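The values are calculated or read from the model by the stated rules, or taken from the named source; none is laboratory data. Computed from a prediction, not measured in an experiment: that's the story for all the values here. As a convention, Cβ positions derive from the backbone with ideal geometry for all residues, glycine included, and neighbour counts pool all protein chains shown.
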Amino acid sequence: MAQTATIYNLDIDLADMDRGVYEKLDLRIARQPSETIEYMLMRVFAYCLEYGDGIMFTEGVAAGNEPAVMLRDLTGRITAWIEVGMPDADRLHRGVKLAGRGAVYTHRDARKLIAQLSAAGIRRLADVPVFAFDSSFVDEVAGLLERRSQLALSITEREFYLHIAGRSFTTTIVEHRAG
């Protein structure tokens, strides 16, 4: 019998001072059986940091040829291709070409990721920011995430402040670019 996705209900108070975004988000996200909690958490962080009109989660690792998060305009055209973790170079290349804008959010080794993407010969790779989170920060927060959780996220000058389960965390989001 095949395993089914685990549903997480996350209430998030988002305050992104860098972009002037202040929202209360009620997210329902499916964690696929083959998806780590850390990967799912990075999808949530990417969603919050990219939050805007037309944003949506895909099916994560089960999405096939879709990114972890994408934005669509009112016509349905994809306008941003947002990957998480260590994305496949070919898929990232196709996505950025299709959408015109892309980004990667990772808790993995960003330098190794950029080296892999550079070796694949992706054009316009320098236009795709790789936003790196400290892996120990992600691991610790992932350990506190429950199927029903409340989070408060604040972002200012690429400092990421998080409150969950009565605990507060902070990390710096480091932007890397190829070239």
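So here's what we get for this one:
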read-out: Filter result for Glu66 (among the acidic types (Asp, Glu) and part of a loop (DSSP other than H, G, I, E, B)); value: yes
read-out: Pair list, Cβ under 9 Å, 6 or more apart: region 5-16 residue free of Cβ contacts under 8 Å to residues at least 60 places away in the same chain, other residue surrounded by 15 or more Cβ atoms within 10 Å (Cβ to Cβ) and not hydrophobic (A, V, I, L, M, F, W, C); value: Ala5/Arg31; Ala5/Gln32; Ala5/Glu35; Ala5/Gly60
read-out: Residue in region 155-172 that is aliphatic (A, V, I, L, M), in contact with a Phe, Trp or Tyr (Cβ under 8 Å, 6 or more places away or on another chain) and under 30 Å from Gly76 (Cβ atoms) present; value: yes
read-out: Glu38 closer than 25 Å to Ser135 by Cβ and part of a helix (DSSP H, G or I); value: yes
read-out: Residues within region 151-179 that are surrounded by 14 or more Cβ atoms within 10 Å (Cβ to Cβ) and part of a strand (DSSP E or B), tallied; value: 13
read-out: Subset tally (residues that are over 15 Å from the mean Cα position of the chain (by Cα) and of a type in the set (A, V, I, L, M)) for region 163-179; value: 3
read-out: Selected residue (criterion: nearest to Val21 (Cα to Cα)) from residues of region 48-96 that are of a type in the set (Val, Ile, Thr) and at pLDDT 95 or above; value: Ile55
read-out: Complete set of residues in region 1-33 that are in a loop (DSSP other than H, G, I, E, B), out of contact with any Gly (no Cβ under 7 Å at 6 or more places or on another chain) and surrounded by 11 or more Cβ atoms within 10 Å (Cβ to Cβ); value: Ala5, Met17, Asp18, Arg19, Pro33
read-out: Tabulated pairs, region 72-90, first of a type in the set (D, E, K, R), second assigned to a loop (DSSP other than H, G, I, E, B) and surrounded by 12 or more Cβ atoms within 10 Å (Cβ to Cβ), C-beta under 8 angstrom, 6+ apart or interchain; value: Arg72/Gly54; Asp73/Gly54; Glu83/Pro67; Glu83/Ala68; Asp90/Ala120
read-out: Glu66 vs. criteria within 26 Å of Ser154 (Cα to Cα) and not small (Gly, Ala, Ser); value: no
read-out: Some residue of region 113-125 being under 27 Å from Lys24 (Cβ atoms) and in contact with a strand residue (DSSP E or B) (Cβ under 8 Å, 6 or more places away or on another chain); value: no
